[in-house]
Amino acid sequence: MGREIVRQESTLKPGSRSRLWFSDDILHVLEENKGTDSIEVIIADLRKDRKVKWCGKAFGQMKNLKILIIRNGRFPQSPQILPNSLKVLDWSGYQSSSLPSDFNPKNLAMLNLPESCFKHFDSFKVFKMFNFLDFEGCEFLTEIPSLSGVPNLGGLCVDYCTNLNRIHESVGFLDRLVLLSAQGCTQLETLVHFINLPSLETLDLRGCSCLERFPKVLGVMENIKDVYLDQTAIKQLPITFENLVGLQRLFLRRCQRMVQLPSYRFPKCEIITDYGCRGFRSFDNEEKVRPKVFADAMLVRNEYGWSYLP
């Protein structure tokens, strides 16, 4: 019913409607450059083999476009113009290495460019409304620059950015960050050196096979629930790891180089690992601990190994 109401806004001219979600209508507007300032939302779920024959300037007339979601489709020409009114930009397979130079993302709250050719930002200074950044599978992305100008960021996802090798230290000091995920970043040797993320709930670093050190935790983090360190090259956790006072689950599966765990207690923490047969050493006791690591912790069997319940 809602879609029919929108269609009745202009039965013959899709470019004069407030919302577009039918593929044929969207392709007509983009390829014929028929956009208007009436369009506020575009949700395009195209066939993967559909080639969009456009000039790249079709968004120039959409002065009030707030939500742009594009999935699939082939865009040989990158967008040369994006409206400054955008609040959500979600474009899988985005073809360009950067956003248009004259795009001012002053209203942008969500930027999702998974599996795209995106490489870099010219500046993060104007991204004050950002709440979520997703660069999953961006194989050309090599670094995340300073995010100190993004105070409201709640989520950062750089999963499977296989050439990412540097994340700016400012990422460790984002007061509202709830999710930090960098799983599968196989070239990342250091996340950041220090973290103080009071709102963080999930830290996912599994599959970062070159990651050798866990950041020093400068402040008490009460909201942290899950830390995934599976398949990393970390040998031991820093003493400041005890500042993760809210930790509920610590995942250490296939941590082949891990030999030491801190000896302090996590009353509510569950340790999940496949390492029980090898044993660990604690900081305060050189005797091997096998299999019980923390007095109040739990080692849980998973698809890779054994289990232990205190």
Whole-Hz ³J(HN,Hα) from phi, Karplus 6.51 cos²θ - 1.76 cosθ + 1.60, for region 86-92, glycine and proline x: 4, 10, 10, 10, 10, 9, 6
Residue-span extension gain [Ser199 to Phe140] - 0.36 nm each, minus C-alpha spacing: 18.3 nm
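Between Val259 and Ser16, take the C-beta separation as r, use R0 = 51 Å, and let me know the FRET efficiency to the nearest 0.05.
0.15
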Cα-based convex hull volume of region 49-167 per residue, rounded to whole Å³: 93
Across Lys119/Lys225; Lys51/Lys106; Lys48/Lys87, pairs whose alpha-carbon gap is larger than 28 Å: Lys119/Lys225; Lys51/Lys106
Peptides ranked, highest mean first, by Cβ atoms within 10 Å: ranges 227-236, 79-88: 227-236, 79-88
Distance (nanometres) between label positions extended 7 Å along Cα→Cβ at Asn165 and Ala233: 1.2
R0 of 45 Å, Cβ-Cβ distance Asn104-Asp49: FRET efficiency to nearest 0.05: 0.85
Value in Å of the Kirkwood radius, where region 105-157 supplies the Cα pairs that are averaged: 11.3
From phi via Karplus (6.51, -1.76, 1.60), per-residue ³J(HN,Hα) for region 138-144 in Hz, x at Gly/Pro: 7, 5, 8, 6, 10, 8, 10
Neighbourhood net charge (13 Å Cβ-Cβ; Lys/Arg +1, Asp/Glu -1) for Leu27: +1
Most to least accessible of Met1, Met129 (protein chains only, probe 1.4 Å): Met1, Met129
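The values are calculated or read from the model by the stated rules, or taken from the named source; none is laboratory data. In this text, all values refer to a predicted model and were calculated from it rather than measured experimentally. Note: ideal-geometry Cβ built from the backbone for every residue, glycine included; neighbour counts use all protein chains shown. Heavy atoms of the whole protein, side chains included, go into the accessibility calculation; ligands, DNA and RNA do not. Shrake-Rupley method; radii C 1.70, N 1.55, O 1.52, S 1.80 Å.
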